[in-house]
Amino acid sequence: MKKTFKLEHPKIKVPRVVDSIKHDIRKFLKKERQKVLPEGTSHWGFDCKLGQSEEVAEEVHLSVLTKGIDALVADNIMTIYVEIMPRAVVSDAGNESFEEEG
């Protein structure tokens, strides 16, 4: 998902537009997490970027994405760029074999 959101709307107030952006992000994440994982992977990970535009977007962790949107809105930035790229993650945890000592 690579998308630029404009917060200015003639009829809808900014807080409602922000709620709509967050809803779109949650909906995208839910859809991506339901996809079948490639063999040998344990879960979906997401590489995220957030900023005023694509050129100045910085990498952020998924858990701080919505807080980052709120911070941009608090700075009166009226254009928000969000990029979320899903990737399958290989996890070694739980795949270790334990040997019994005897």
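Each value in this text was obtained by applying a stated rule to the coordinates, not by laboratory testing. Keep in mind it's a predicted model, so treat the numbers as computed, not measured. So basically every Cβ, Gly included, is an ideal-geometry build from the backbone, and we count neighbours across all protein chains shown.
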Quick one: which strands (runs of 3 or more DSSP E) lie wholly within region 38-89 and hold at least 3 residues that are in contact (Cβ under 8 Å) with a residue 40 or more places away in the chain? 43-51, 79-89
Across region 1-47, which residue is nearest to the chain's Cα centre (by Cα) among those that are closer than 20 Å to ARG87 by Cβ and of a type in the set (Phe, Trp, Tyr)? PHE46
Pick out the one residue from ILE25, ILE21 that is over 30 Å from ASP92 (Cα atoms), touching a residue at least 40 places away in the same chain (Cβ under 8 Å) and surrounded by 10 or more Cβ atoms within 10 Å (Cβ to Cβ). ILE21
Could you tell me whether any residue of region 33-40 is over 26 Å from ILE77 (Cβ atoms) and surrounded by 12 or more Cβ atoms within 10 Å (Cβ to Cβ)? yes
